[in-house]
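The values are calculated or read from the model by the stated rules, or taken from the named source; none is laboratory data. Predicted model, so just to flag it, every value in this text is computed and none were measured. Note that each Cβ is placed from the backbone with ideal geometry, even for glycine, and that neighbours are counted across all protein chains shown. Surface areas here come from the heavy atoms of the whole protein model, side chains and all, with no ligands, DNA or RNA. Shrake-Rupley method; radii C 1.70, N 1.55, O 1.52, S 1.80 Å.
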Amino acid sequence: KQWYQRRVRGNELGAIFGAIALSNYRNANPGSSSEKLYMNCSTVSSKFLRSMAAAEGFLYEECLTGFKWMANMALQKQAEGFTCLLGFEESIGYMYGMNVLDKDGISAGPILAAKASQLYQDGFTLSAFLESLYVMYGRHISDNSYYLCYEPAKFDLMFGEIRKGGVYPEKVGKFPVAAVRDLTVGFDSNYADKKPRLPVCPGSHMITFSFENGCIATLRTSGTEPKIKYYTEIVRGPGALESEEELRMELGEVVDAIVKELLQPEKFGLKPRPS
């Protein structure tokens, strides 16, 4: 049997760590309730933990990007009597437990290695384990990338066109938009008061579109690099009929529409991510 099948991505590792953390806690605390367990991740990361929390009964929250947010939220929940099991970010960053309040591969690595070793002894792989998680909690497929732009003023023009003075797109391509959250101006149509629950950051651009087909897409400028990043994910619940290939094709269509209609690389002189 071939052990290495493919590279496991950051969001997929987050799902695996979430399952490991919950299993390890329950094994160490048999019969305990999940009500005071807690996990979080950045808002641009996979919603897998959200799906898992809905099924297992623990508290899940998302936060702004950066482990200062995840660690501070974990400390706040710890003060409220919660046990924080995991915080993660899609770009290969994991805070396993509360011993190190930052992303820490030194503590996370052995946890993953131990799980991989156990799976190998049982005749399975990490990929097979991940597939079993999708069967239980629903399939989550991500497609994240970026474009380069060395003229920051163009970002303002681009996001200005997307906002259109507060009249956000109702469709992107053929895909209807269900909700919009704009953390730059402080707007969130998910709530009756139209106010986001995450902190507003007027100094940078960040808009999230939730689509009726179960796709979520966030457009965000980088604070440290000349990049416009996009983070997309399509989610289906357990028992969904579509294959992984079909979902990847649908997500690809959403991404193509976002690039064509919102990012507009030709108009704003964006350069694609180097291959």
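If the condition is being among the polar types (S, T, N, Q) and either surrounded by 15 or more Cβ atoms within 10 Å (Cβ to Cβ) or in a helix (DSSP H, G or I) (or both), then the range 143-189 contributes ASN144, THR184, SER189. Scanning the range 221-242 for residues that are open to solvent by less than 50 Å² (accessible area, probe 1.4 Å), more than 19 Å from VAL44 (Cβ to Cβ) and over 17 Å from the mean Cα position of the chain (by Cα) returns a single hit, ALA240. Among residues of the range 22-46 that are closer than 11 Å to PHE82 by Cα and at pLDDT 95 or above, those with a Cβ under 6 angstrom from a residue that is of a type in the set (Lys, Arg) and open to solvent by 10 Å² or more (accessible area, probe 1.4 Å), sequence gap 6+ or separate chain, pair up as TYR38/LYS77. Mind listing just one residue for me: the one in the range 89-98 that is open to solvent by 40 Å² or more (accessible area, probe 1.4 Å) and either in contact with a strand residue (DSSP E or B) (Cβ under 9 Å, 6 or more places away or on another chain) or modelled with pLDDT of 95 or more (or both) and, of those, nearest to GLY18 (Cα to Cα)? Once the filter is applied, the top-ranked residue is TYR96. Restricting LEU75, LEU86 to those that are of a type in the set (A, V, I, L, M, F, W, C) and open to solvent by less than 10 Å² (accessible area, probe 1.4 Å) reduces the list to LEU86.
Determine whether the range 52-62 contains at least one residue that is surrounded by 21 or more Cβ atoms within 10 Å (Cβ to Cβ), within 11 Å of the chain's Cα centre (by Cα) and in a loop (DSSP other than H, G, I, E, B). There is no residue in the range 52-62 that is surrounded by 21 or more Cβ atoms within 10 Å (Cβ to Cβ), within 11 Å of the chain's Cα centre (by Cα) and in a loop (DSSP other than H, G, I, E, B). Scanning the range 3-18 for residues that are aromatic (Phe, Trp, Tyr) and modelled with pLDDT of 90 or more yields one hit, PHE17.
In this entry, ALA19 passes the filter for residues that are open to solvent by less than 40 Å² (accessible area, probe 1.4 Å) and out of contact with any strand residue (DSSP E or B) (no Cβ under 9 Å at 6 or more places or on another chain).
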